[in-house]
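Let me begin by presenting the structure, written as structure tokens, before commenting on it.
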Amino acid sequence: LYVSGSGRLVRAMLADGLVDGLHLFVYPLTRGEGPRLFPADAAPAKLSLEATTAYDNGVVYLHYRPQT
């Protein structure tokens with residue numbers, strides 16, 4: 001299942017242990033305040049970095065898997 005653009009659904013799936021991988025694209029801009037993928041009151045998640053790619057435009061791709 002691929003989820004794009006629904007932070008609420010991703011947070012719920014993470015909380016229920018239903019995520020087997022996170023593919024994140026980090027864009028080099030600042031938003032100030034706003035919704036966060038990992039809220040401050042969330043339980044710490046143990047993730048392993050599987051792969052990274054840095055692009056010429058400054059975007060960084062990160063692939064994480066939950067540690068078991």
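Applying the criterion of at least 1 residues that are loosely packed, with under 12 Cβ neighbours inside 10 Å to the strands (runs of 3 or more DSSP E) found wholly in the chain leaves 22-26, 47-54. With the structure loaded, tell me whether V3 is farther than 16 Å from P66 by Cα, aliphatic (A, V, I, L, M) and modelled with pLDDT under 80 or whether it fails that test. So V3 passes the test.
The values are calculated or read from the model by the stated rules, or taken from the named source; none is laboratory data. None of the values given here were measured: they were computed from a predicted structure. Neighbour counts run over all protein chains shown; Cβ positions are idealised from the backbone, glycine included.
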